[in-house]
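Working notes for the structure below.
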Amino acid sequence: MIDLLSMNPLARSLALLLLFLVCTFGFSRLLGMILARADLRRQIKGIGTQGREYQVEAGSIQTRDESAWAQLAQAIEKAGLNLVDTKGDKLRQRMIAAGFREPSAPKIFTMIRLGLVFILPGSFLLLTALGNEETSFLKLYAFSCLLAVMGLYLPNLFVQARIDRRKEAIELGFPDCLDLMLVCVEAGLGLEAAMNRVGREMMRSHPQIAELLSTTTLQMRAGAPRDEALRALGVMSGVDHVRTFSALLIQSDKMGTSLGESLRVYSAEMREKRRMRAEEKAHRLPVLISIPLVVFMLPTMISVLMLPGVVRIAKSFF
């Protein structure tokens, strides 16, 4: 492949064009994430201080989804290709757990999968056709099928990686969130005001948790029942600890128990679980270190120790 790119100007130009498109796509995604994060920060800073009015439709907060990807998905659907997945509810939950809360996120995900299924094999066939080497039909078929399968499953791996990173960030920062909420509740704030205050305070340290708390606060202010907003908080997070926390708040609200005491007990339990996870990782570390030691260090040590004996044996025989 390197020889083909160095000798064929057309293939080199095509490769450079493909690299430019990949870099442009990555830069646009990064710029979109930065702009979305900045907009979210402005919204959270304005909660409770500026009295901003939010557009509410059907009892829920509706965010504008006018990105280029959403417009492209709408154009493809208008052209006659249905991008609705058969497991739409499950895919929607995965998108929310990965941090993509836009209504068009499942359609964009399906569009990207379909595009990669055709783009990757097509690029390979085009590069092969432009090359000077002859390739058998079986090899072309095998590589095309492999690239098509990769294009079908690479978006799933990307989304799963986002879900894992987001869950880990929420689990690490949630005990701090509970401590701050406990301080706010004991200072005399209500649940909604405490969540609003903690969401603003944790914007820089734990933006994922701040986003969840701000969204839940906006839903409560929009008129949604408290139990439904708290259940939506557990669903949006995708973390079992947050679901348990939501159930705890709902039960405390219905039973009339002390919210501060419930937060104190659950916060201590969460900190203990975090300490146990850290101890588990510390105990796994020697086992993980032993693998590179055995693979790389042990053969070198054996070679160094056996080298004098090998030299003496070689001298005695030869």
Expected single match for on the phi < 0 side of the Ramachandran plot, at pLDDT below 85 and touching a helix residue (DSSP H, G or I) at 6+ places or on another chain (Cβ under 7 Å) among Gly309, Gly260 is Gly260
When you scan the stretch 278-289, do you find a residue that is β-branched (Val, Ile, Thr) and part of a helix (DSSP H, G or I), even just one?
yes
Identify, by number, the condition in (1) under 27 Å from the mean Cα position of the chain (by Cα); (2) not hydrophobic (A, V, I, L, M, F, W, C); (3) not in a helix (DSSP H, G or I) that Gly80 doesn't meet.
(1)
What residue, among those in the stretch 95-128 that are within 16 Å of the chain's Cα centre (by Cα) and in a loop (DSSP other than H, G, I, E, B), is surrounded by the most Cβ atoms within 10 Å (Cβ to Cβ)?
Gly99
Could you check Leu138 against (1) assigned to a loop (DSSP other than H, G, I, E, B); (2) surrounded by fewer than 17 Cβ atoms within 10 Å (Cβ to Cβ) and say which number it fails?
(1)
I'd like to check something: does the stretch 223-230 contain any residue that is surrounded by 14 or more Cβ atoms within 10 Å (Cβ to Cβ) and farther than 20 Å from Arg101 by Cα?
yes
Filter pass, Thr300 being among the polar types (S, T, N, Q) and either over 25 Å from Arg165 (Cβ atoms) or touching a Lys or Arg at 6+ places or on another chain (Cβ under 6 Å) (or both)
yes
Within the stretch 76-132, of all residues that are polar (S, T, N, Q) and over 24 Å from Val149 (Cβ atoms), the one modelled with the lowest pLDDT is Asn132
Looking at Glu280, Glu201, Glu211 in this structure, which one is farther than 19 Å from Met181 by Cβ and either in contact with a His (Cβ under 7 Å, 6 or more places away or on another chain) or at pLDDT 85 or above (or both)?
Glu280
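The values are calculated or read from the model by the stated rules, or taken from the named source; none is laboratory data. Predicted model only: the values in this text are computed from it and were never measured. Virtual Cβ from ideal backbone geometry, glycine too; neighbours counted across all protein chains shown.
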